[in-house]
1. Take Tyr93 and tell me if it is over 20 Å from the mean Cα position of the chain (by Cα), over 22 Å from Gly7 (Cβ atoms) and surrounded by 16 or more Cβ atoms within 10 Å (Cβ to Cβ).
2. Given (1) hydrophobic (A, V, I, L, M, F, W, C); (2) surrounded by fewer than 15 Cβ atoms within 10 Å (Cβ to Cβ); (3) touching a residue at least 40 places away in the same chain (Cβ under 8 Å), where does Ala102 come up short, assuming only one miss?
3. What do you reckon, is Phe27 more than 8 Å from the ligand (Cβ to nearest atom), in contact with a helix residue (DSSP H, G or I) (Cβ under 8 Å, 6 or more places away or on another chain) and farther than 18 Å from Met119 by Cβ?
4. Within region 39-83, count every residue that is within 16 Å of the ligand (Cβ to nearest atom) and either hydroxyl-bearing (Ser, Thr, Tyr) or farther than 23 Å from Cys21 by Cα (or both).
5. For region 8-22, enumerate the residues that are within 13 Å of the ligand (Cβ to nearest atom), surrounded by fewer than 19 Cβ atoms within 10 Å (Cβ to Cβ) and within 15 Å of Pro122 (Cβ to Cβ).
6. Residues Ser66, Ser53: which one is within 11 Å of Arg110 (Cβ to Cβ) and either without any contact (Cβ under 8 Å) to a residue 60 or more places away in the chain or charged (D, E, K, R) (or both)?
Amino acid sequence: MPLLKKGNPLYGILHQKCPACHEGEFFKHKHGYRFKEIGDYPSHCAHCRQRLSIEPGFYFGAAYVSYALNVALMVSCAVAVYVLIPEPEAHHYLIAIFSMTALLFPGIFRFSRIIWATMFIPFGGENKQFKKD
Ligand SMILES: [Zn+2]
């Protein structure tokens with residue numbers, strides 16, 4: 001029995017699937033480190049035809065999610081440095097935080113977009129035509 005089933009919002013977020021059907025791909029490319037195509041997504045889901053941008057500028061709001069994820073990452077890095085390095089100095093914190101933020105930027109960018117979309121596109125789509133299984 002899988003821990004996360006289709007219909008659970010975390011399933012769509014973790015598998016980067018369409019929030020409406022959890023079948024179609026949310027992004028055009030699986031790989032997040034292609035910087036020219038990092039946020040490219042199709043206009044509609046290939047499986048259920050759900051619009052993935054429900055209004056112009058829809059994904060500007062994903063910046064709020066990105067901010068929250070980055071703050072959580074930075075606090076986690078600071079705690080890790082505090083715990084792992086005896087008597088850490090300021091540059092230890094800065095190196096850890098900036099390197100992890102730069103390294104994980106593509107993932108946070110993509111997760112923030114799909115989390116934002118999942119907040120506003122319900123499972124089943126605008127017509128709620130799918131059932132949870
Ligand atoms: Zn879909």
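1. For Tyr93, the condition - over 20 Å from the mean Cα position of the chain (by Cα), over 22 Å from Gly7 (Cβ atoms) and surrounded by 16 or more Cβ atoms within 10 Å (Cβ to Cβ) - is met.
2. (3)
3. No.
4. The total comes to 3.
5. Listed by number, the list holds a single entry, Tyr11.
6. Within the list Ser66, Ser53, the selection yields Ser66.
Every number in this text was worked out from the coordinates using simple rules, so none of it is lab data. Because the structure is predicted, anything quoted here is derived from the model rather than measured. Methodologically, a virtual Cβ is constructed for each residue, glycine included, from the backbone with ideal geometry; neighbour enumeration extends over all protein chains shown.
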